[in-house]
Amino acid sequence: MRSLIQVGLVLFVAAFLGLGPRQVFAVDVDEASPFVRPAALEPDVRFWIRVYTEVTTDQGLLHDSWNLGLVYEVLRFDAELSPAARERRINEAKSRYTALLRRFAANSGGTLYLTAHERRILHAFGERATASDFIAAIDRIRFQLGQADRFHAGLIRAEAIHSHIEHTLRQSGVPEEIAALPHVESSFDPAAYSRVGAAGLWQFMPATARRYMRVDGLVDERLDPYRSTEAAANLMLYNYRLVGTWPLAVTAYNHGPGGLRRAQDELGTSDIAVIVKRFQGATFGFASRNFYVAFLAALDVDRNADKYFGQLTSLPDAQSVTIQLPDYLPIGSVAKAFHVDMGALTVLNPALRPPIWDGIRFVPRGYALRVPGTPTGSEVAAALARIPADERYLSQRGDATHRLRRGETLATIAAQSGVSTARLLAANGWTTPPVLQRGQILRVPLPLTRAQAARADTSSLAREAAAAAPRSPLPAAPSPGVPPPVASLAPAATPTSNSDSTDYRVGPNDTVTVQAAETLGHFADWSGTSVAELRRLNRLQKGAAVGLGRTIKLKFSGLDAERFAAARRLYHRGLQDSYFANHRIAATQSYAIKRGDSLWTVAHQHGDIPVWLITEYNPDIDFGDMRPGTSIILPDVEPINRQ
């Protein structure tokens, strides 16, 4: 570790030479870094460094998917070659090397009549290679598209936000090295989408993202690099608490913490090299196995960017501030009041979805909107004051028309649209509620503006509108600017997995451990048997409850353990999706169990957190035997304003 005098001297020389701290300390990785680089994984790290720095997206490596040190060939494509033609070239190359490996197998590793290239490949298998080794390698021939041009572009984009990401991670207690992970996930493109629905800088899947952010038809905070970075920090902390090491926490970002905990249990270790090389989980495929080494490679390249790419040209920072909107506002009204270009607002607010930009919906009240420049507080207040009262709405705008569905009434439609029943009647030319039929088209008026409310502040109409307006605005986001979106495809990697750590599988001897919100009735339904049979099998008296953490013996009738686990997982996913449709996890806190506490009283005392969520954050705690002084982790949950 450097002394303060050494650091000061180095920075003085750096300033004299015109270098920044990131350039100066690029090659000197802190020896205290929690991200170990085991010798057993070094060939894999070097493979990914090569992918990120030497091979572009017009090239690719044909390689062995297990032994990444064995690269058969570098394939190069013309830029105008179609995807189908590329695929044919790749398949032809695979066929060539399949034939070569069969030759090796037939000749038992002999070197007669081999070219220097073929001899290099043969020697990569070692002197003791057998025919079966060569045959097995056929199924491991894999193509990896190069990423060097994308990585270079990502380094340039990263300059505008890298320091903010590191600051956010440090503030959250996450190692700042994680700031290099977006190179692997998205090439630092905040607008990146994957083919399976992952989005943004950190490539969150919707189900995981909704635990930490707002993701719906109006706002998708996965696309906001600031909000998504806060979410990524929270997810990384969650992973770390469950798996215990940062290398495994990084791997869990891709594979999910539940799978990594199973790997630890099966192999009896937390050694990342052992798990990467030996874990045979059904879903622990190439992307999961290589996620940590790809991260190490990205970290190396990020810290030594000049070495690999020369002097980088940085994009200018986009100066901006955030403002908390006091009302539901048309985006055009905001642009006019602040004298800013709509394009600039679009770049600075990537989380807002098309209905808002198209004027179909309003920017939500309480939303932390970014505006370009550095206006002072008084200038922001003056700009907001320029928005007329008749352009400030008390609730979100609904559709202009609505087709009546089964079970709907005028009152429910009015509530959903943010208008009163009286205004809904008037908009359709009715003086009294008519008999409605399913499929009937209703006209829906705009919600009240502040000007209308002021003119009728003593009427029931104004009171209804005010009652319908949401009370919980979104929290403010950080204020620095964002880099403009640059179109690219994210590097090939499995997107962020569901963060649920629970193991829903049936255990030995057809047993399961009772999780929160589960009953014997659930087990009976999922196993195809009766509650009475399960009570008999487990010697339970009628009316006796099954406690959290208890082991229950199952009996399958017409179903099997795999279908049981699938139904169980689906049930819990439904609970989670329903809860996170209206809540998000903002942070966590430690709590020491007090005398008289139970899991349910703790949940109630801390904002009615679902019991299943507390158990998910504390999978190693026996909540059936909680003792005073036991420390548990509680998630800090906030409501999300969905309007």
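The values are calculated or read from the model by the stated rules, or taken from the named source; none is laboratory data. This one's a predicted model, so the numbers in the text were calculated from it and none came from an experiment. Heads up, the Cβs are rebuilt from the backbone with ideal geometry, glycines too, and the neighbour counts pull from every protein chain shown.
Which residues, taken from the stretch 521-551, are within 34 Å of the chain's Cα centre (by Cα) and under 21 Å from residue 611 (Cα atoms)? Within the stretch 521-551, 521, 522, 523, 547, 548, 549, 550, 551 qualify. Among the residues of the stretch 272-304, those identified as more than 18 Å from residue 187 (Cβ to Cβ), over 24 Å from the mean Cα position of the chain (by Cα) and in contact (Cβ under 8 Å) with a residue 24 or more places away in the chain are 273, 277. Taking the listed residues 389, 383, the one that is small (Gly, Ala, Ser), under 36 Å from the mean Cα position of the chain (by Cα), closer than 19 Å to residue 332 by Cα and surrounded by fewer than 19 Cβ atoms within 10 Å (Cβ to Cβ) is 383, with no other qualifying.
The set of residues in the stretch 141-158 being over 29 Å from residue 73 (Cβ atoms) and buried (at least 20 other Cβ atoms within 10 Å of the Cβ) consists of 157, 158.
Is at least one residue of the stretch 93-114 within 29 Å of residue 151 (Cα to Cα) and out of contact with any strand residue (DSSP E or B) (no Cβ under 7 Å at 6 or more places or on another chain)? Among the residues of the stretch 93-114, not one is within 29 Å of residue 151 (Cα to Cα) and out of contact with any strand residue (DSSP E or B) (no Cβ under 7 Å at 6 or more places or on another chain), which makes the answer no.
Applying the criterion of being free of Cβ contacts under 8 Å to residues at least 12 places away in the same chain and either touching a Leu at 6+ places or on another chain (Cβ under 7 Å) or assigned to a loop (DSSP other than H, G, I, E, B) (or both) to the residues of the stretch 165-204, the residue that is nearest to residue 315 (Cα to Cα) is 176. Residues of the stretch 622-640 that are under 22 Å from residue 583 (Cβ atoms) and surrounded by fewer than 19 Cβ atoms within 10 Å (Cβ to Cβ): 633, 636, 638, 639. If you check 55, 36, 51 for being at pLDDT 50 or above, part of a helix (DSSP H, G or I) and within 28 Å of the chain's Cα centre (by Cα), only one passes: 51. Comparison of 79, 116, 99 shows that the only residue that is closer than 29 Å to residue 155 by Cα and exposed (fewer than 12 other Cβ atoms within 10 Å of the Cβ) is 79.
How many residues are part of a loop (DSSP other than H, G, I, E, B), without any contact (Cβ under 8 Å) to a residue 24 or more places away in the chain and more than 17 Å from residue 561 (Cα to Cα) if we restrict to the stretch 507-544?
So the count comes out to 7.
One residue stands out in the stretch 535-564 among those that are polar (S, T, N, Q) and surrounded by fewer than 16 Cβ atoms within 10 Å (Cβ to Cβ): the one that is modelled with the highest pLDDT, namely 551. Test residue 135 against the criterion of being surrounded by 17 or more Cβ atoms within 10 Å (Cβ to Cβ) and either assigned to a strand (DSSP E or B) or not assigned by TED's automatic domain parsing to the domain that holds residue 183 (or both), and give yes or no. Spelling it out, it is not the case that residue 135 is surrounded by 17 or more Cβ atoms within 10 Å (Cβ to Cβ) and either assigned to a strand (DSSP E or B) or not assigned by TED's automatic domain parsing to the domain that holds residue 183 (or both).
Exactly one residue out of 207, 233 is in contact with a Ser or Thr (Cβ under 8 Å, 6 or more places away or on another chain) and part of a helix (DSSP H, G or I): that is 233. In the list 106, 85, which residue meets the criterion of being aliphatic (A, V, I, L, M) and either touching a residue at least 40 places away in the same chain (Cβ under 8 Å) or under 13 Å from residue 134 (Cα atoms) (or both)? Among 106, 85, only 106 is aliphatic (A, V, I, L, M) and either touching a residue at least 40 places away in the same chain (Cβ under 8 Å) or under 13 Å from residue 134 (Cα atoms) (or both).
A count restricted to the stretch 190-229 and to residues that are more than 9 Å from the chain's Cα centre (by Cα), surrounded by fewer than 24 Cβ atoms within 10 Å (Cβ to Cβ) and within 25 Å of residue 296 (Cβ to Cβ) stands at 2. Total residues in the stretch 320-344 satisfying the condition of being surrounded by fewer than 15 Cβ atoms within 10 Å (Cβ to Cβ) and either touching a residue at least 60 places away in the same chain (Cβ under 8 Å) or more than 29 Å from residue 355 (Cβ to Cβ) (or both): the figure is 1. Scanning the stretch 305-315 for residues that are surrounded by fewer than 19 Cβ atoms within 10 Å (Cβ to Cβ) and touching a residue at least 12 places away in the same chain (Cβ under 8 Å), we see that the one that is nearest to residue 360 (Cα to Cα) is 315. So, in the stretch 66-82, exactly how many residues are more than 20 Å from residue 118 (Cβ to Cβ) and of a type in the set (Ser, Thr, Tyr)? Summing the residues that are more than 20 Å from residue 118 (Cβ to Cβ) and of a type in the set (Ser, Thr, Tyr) in the stretch 66-82 gives 1.
Of the residues making up the stretch 109-131, those that are of a type in the set (A, V, I, L, M), assigned to a loop (DSSP other than H, G, I, E, B) and without any contact (Cβ under 8 Å) to a residue 12 or more places away in the chain are 112, 114.
Within the stretch 567-598, the set of residues being free of Cβ contacts under 8 Å to residues at least 12 places away in the same chain and either in contact with a helix residue (DSSP H, G or I) (Cβ under 9 Å, 6 or more places away or on another chain) or in a helix (DSSP H, G or I) (or both) comprises 570, 574, 578.
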